[in-house]
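Report on the following structure.
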Amino acid sequence: MITYLFDEMKSSGLIGKSPKDKVLKHLTVVILDLYVAYLGDPLTYLGYSRDRNKYSKESRLGRLFLRYRPMMRVVDGLKCLGYIENHKGFQDQASGRGYQS
């Protein structure tokens, strides 16, 4: 399934010049996260950060070897192909409260 999704994204021109192994790793992480969430509650929403700083080597995501560009290509590619929905998050500057995309 992961290879099928990768091939579909690549043939649609959604991968760009990102290395195949990095995109496959990020695609696997996203699909597994979606699958586990679906098993818990099929109607649940998952949040992810579009902030480049959240993927730095010192961050939680960076320590998991997840990088900004491949993650955005995977998420945007899955959205473009109609596999996922994307709802833009927000942050209230006054209260500091917010929700990720």
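The values are calculated or read from the model by the stated rules, or taken from the named source; none is laboratory data. Source: prediction; values computed, not measured. Ideal geometry is used to build each Cβ from the backbone, glycine not excepted, and the neighbour counts take in all protein chains shown.
Where the second residue is part of a helix (DSSP H, G or I) and the first is charged (D, E, K, R) and lies in region 1-24, which pairs have Cβ atoms under 7 Å and are six or more apart or on separate chains?
Correct list of pairs: 22/70.
Out of everything in region 74-101 that is at pLDDT 90 or above and of a type in the set (Asp, Glu), what residue ends up being farthest from residue 24 (Cα to Cα)?
First pass over region 74-101, keeping only residues at pLDDT 90 or above: 74-85.
Those left that are additionally of a type in the set (Asp, Glu): 76, 85.
Details: 76: 14, 85: 20 Å.
Ranking the qualifying residues of region 74-101, first place goes to 85.
So which residues in region 46-66 are assigned to a loop (DSSP other than H, G, I, E, B) and free of Cβ contacts under 8 Å to residues at least 40 places away in the same chain, if there are any at all?
Initially, region 46-66 is screened for residues assigned to a loop (DSSP other than H, G, I, E, B), giving 46-51, 56-59, 64-66.
Scanning region 46-66 gives 46, 51, 56, 57, 58, 59, 64.
If you take the residues in region 17-51 that are farther than 14 Å from residue 75 by Cα and of a type in the set (D, E, K, R), which one is farthest from the chain's Cα centre (by Cα)?
So the residue we want is 41.
Just the residues that are out of contact with any Ser or Thr (no Cβ under 6 Å at 6 or more places or on another chain) and not aromatic (Phe, Trp, Tyr), please, taken from region 55-70.
Narrowing region 55-70 to residues out of contact with any Ser or Thr (no Cβ under 6 Å at 6 or more places or on another chain): 55-61, 63-69.
Result: 56, 57, 58, 59, 60, 61, 63, 64, 66, 67, 69.
Take region 25-45 and flag every residue that is touching a residue at least 24 places away in the same chain (Cβ under 8 Å) and assigned to a loop (DSSP other than H, G, I, E, B). Don't jump to the end; show me each part of the working.
Taking region 25-45 first, the residues touching a residue at least 24 places away in the same chain (Cβ under 8 Å) are 25-31, 34, 45.
Matches in region 25-45: 45 only.
If you go through region 43-73, how many residues are touching a His at 6+ places or on another chain (Cβ under 9 Å) and modelled with pLDDT under 90?
Summing the residues that are touching a His at 6+ places or on another chain (Cβ under 9 Å) and modelled with pLDDT under 90 in region 43-73 gives 1.
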